[in-house]
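Only one structure is covered here, and it is reproduced in the block below.
Rule-based calculations on the coordinates, nothing more; no lab input. Because the structure is a prediction, the values reported are computed rather than measured. Here the Cβ positions follow ideal geometry from the backbone for every residue, glycine too, while neighbour counts run over all protein chains shown.
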Amino acid sequence: MAKSGKKLFEPHLNALKKFDSEIYAALVAEKQRQMEGIELIPSENLVSESILEAMGSIATNKYSEGYPGKRYYGGNEFIDIIENIAIERAKKLFSAGHVNVQPLSGSPANMAMYYALMEQGETFMGLKLTEGGHLTHGHPVNFSGRQYKCVSYGVDKSTEMLDYDAIKKLAVEAKPKLILSGYTAYPRAIDFKAFREISDFVGAYCCADIAHIAGLCAAGVHENPVPYFDVVTTTTHKTLRGPRSAIIMCKNAFAEKIDKAVFPGLQGGPHEHIIAAKAVAFKEALEPSFKEYANQIVKNARALADVLMAKGLRLVSGGTDNHLMLIDVFKSKGLTGKQAEHSLELAGIYCNKNTIPFDARTPWDPSGIRLGTPVLTTRGMKESHMKEVGEFIVKAIENANDSAKLAEIKASVKEFCKDFPFYK
Ligand SMILES: *Cc1c(COP(=O)(O)O)cnc(C)c1O
């Protein structure tokens, strides 16, 4: 069997190949890119063939507004089976009281959470975007910062980590209706119990968005806030390794509010083919091998962080506890985040530019890059391979303006990746 290349994708795309050669060709090229490069974007993953099949299934043909057993359309006998299985598996995976599996993606899930718990103009707290929060955690350009009043908390300037006493102090002043934890670019473990205490102390709803770390929480590699938080949202396509989508989990007391906020509050017909794929992803995550996977993600991140630090790169907060790390490339190597992202891309290594806490540069060309290990771990890489990956990264950064050298690295990266085929 070929280890990568065109042939592998064809079984899924026979009809497409005949009917639409342009889209077919772009998909084949994209698959090749995914297989021949080192993918370090921490919000990405590779889904299994079973998940791809469920996503590409005839469940996409069905309208099923409403919830299992109470739909606005006929013919939902089998769709109800799918959605109920997805719900039951998610409950088991996260020890959740109630689960809504209909949110279309992470941002709509957060919108539904806010819509269920706050009136327009009310105050909530989330982490600043530039220090690791998500756009939907109250940024002024986003609905979350426009419909609600967001009092953002930050990280401590010297440790670059959350300071729970400072957050508590801010919460006492701001009197928020809701406090949100869970982040997009925070490399350290989150003390969810501290957030529960702070929320109780000020009488706020205690919520989390575990989009990035959901797989680690499900596997017990990071503390899981679901059993004792009020509402927790998560995407399903990051460390959880499912289809591009989201779910909302909550205590039973909030079930009705959350369900009404999702439908009819914000959405129309749910994407049942994606719900089927989420059910499959939850089944995969309930298998013992997923615990090993999640553990290996973290081991690999630590190994990669160690290699990079040994080679003189400064990591925000001095390391990582989870699947991701932020590198201050500007301070370490005099390269901006945008330049580093671009040079790495030319070497077949994919990451994203990212602000670092207290960044003196702009979000469009910040001081940092963000790297994570979920994809490489899915491809079967272990700590020893992180040494090689780290060497590729440093070599590319140190030769950022030498396109011949970067092309050379890209060829070596392609060779390296051949040992880790994924779509068989
Ligand atoms: C990725 C992410 C989201 C958004 O998910 P989309 O599916 O891209 O809308 C929301 N919250 C956090 C913390 C994320 O990391």
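Summary table below
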quantity	calculated
Alpha-carbon centroids, the range 319-334 and the range 53-92: separation in whole Å	42 Å
Check: the chain dipole with +1 on Lys, Arg Cβ and -1 on Asp, Glu Cβ, in debye	300 debye
Space enclosed by the convex hull of the alpha-carbon atoms of the range 265-317, per residue, Å³	154 Å³
Relative compactness, the range 338-424, computed as alpha-carbon Rg over 2.2 N^0.38 Å	1.16
Whole-Hz couplings from phi, Karplus 6.51/-1.76/1.60, listed for the range 99-109; x for Gly and Pro	9, 10, 9, 8, x, 7, 6, x, 5, x, 5
Mean shadow area of the range 58-285 over all directions, Cα convex hull, nm²	11.6 nm²
Estimated [θ] at 222 nm from DSSP helical runs (n ≥ 4, -39500 (n - 2.57)) normalised by residues in the chain, nearest 500	-13000 deg cm²/dmol
Two-decimal ratio, the range 247-337, of alpha-carbon radius of gyration to 2.2 N^0.38 Å	1.66
Exposure proxy order (Cβ contacts within 10 Å, fewest to most) of MET125, MET113, MET35, MET118	MET118, MET35, MET125, MET113
Under-5 Å amide H pairs with ASP163, H placed in peptide plane, nonlocal only	ASP156
Residue-by-residue Karplus 3J(HN,Hα) for the range 248-263, coefficients 6.51, -1.76, 1.60, Hz, glycine and proline x	10, 10, 7, 5, 4, 4, 9, 4, 5, 4, 5, 4, 5, 5, 5, 9
Prolate/oblate/rounded call for the range 54-167, Cα gyration tensor, a/c under 1.5 rounded	prolate
³J(HN,Hα), Karplus 6.51/-1.76/1.60, whole Hz, each residue of the range 16-31, x for Gly, Pro	4, 4, 6, 8, 9, 5, 5, 5, 4, 5, 5, 5, 4, 5, 5, 5
Ranked GLU398, GLU415, criterion: other C-beta atoms within 10 Å, fewest first	GLU415, GLU398
Global size of the chain as Cα Rg and Dmax, reported in angstrom	21.7, 63
Fraction of antiparallel bridges per DSSP, the range 58-285 only, in percent to nearest 5	45 percent
Equivalent ellipsoid semi-axes - Cα gyration tensor, the range 222-280, angstrom	19, 19, 8
The range 113-215 pair-distance distribution - Cα-Cα, 10 Å bins, rounded %	16, 53, 29, 1
Separation in nanometres of the label points that stand 7 Å from Cα toward Cβ, at GLU408 and LYS91	6.0 nm
Mean Cβ neighbour count within 10 Å, used as a protection proxy, ranking 25-32, 90-97, 127-134 highest first	127-134, 90-97, 25-32
Two-site FRET efficiency, TRP364 against ALA253, from Cβ-Cβ distance with R₀ of 41 Å, rounded to 0.05	0.45
For the range 163-212 versus the range 257-300, the gap between their alpha-carbon centres in whole angstrom	24 Å
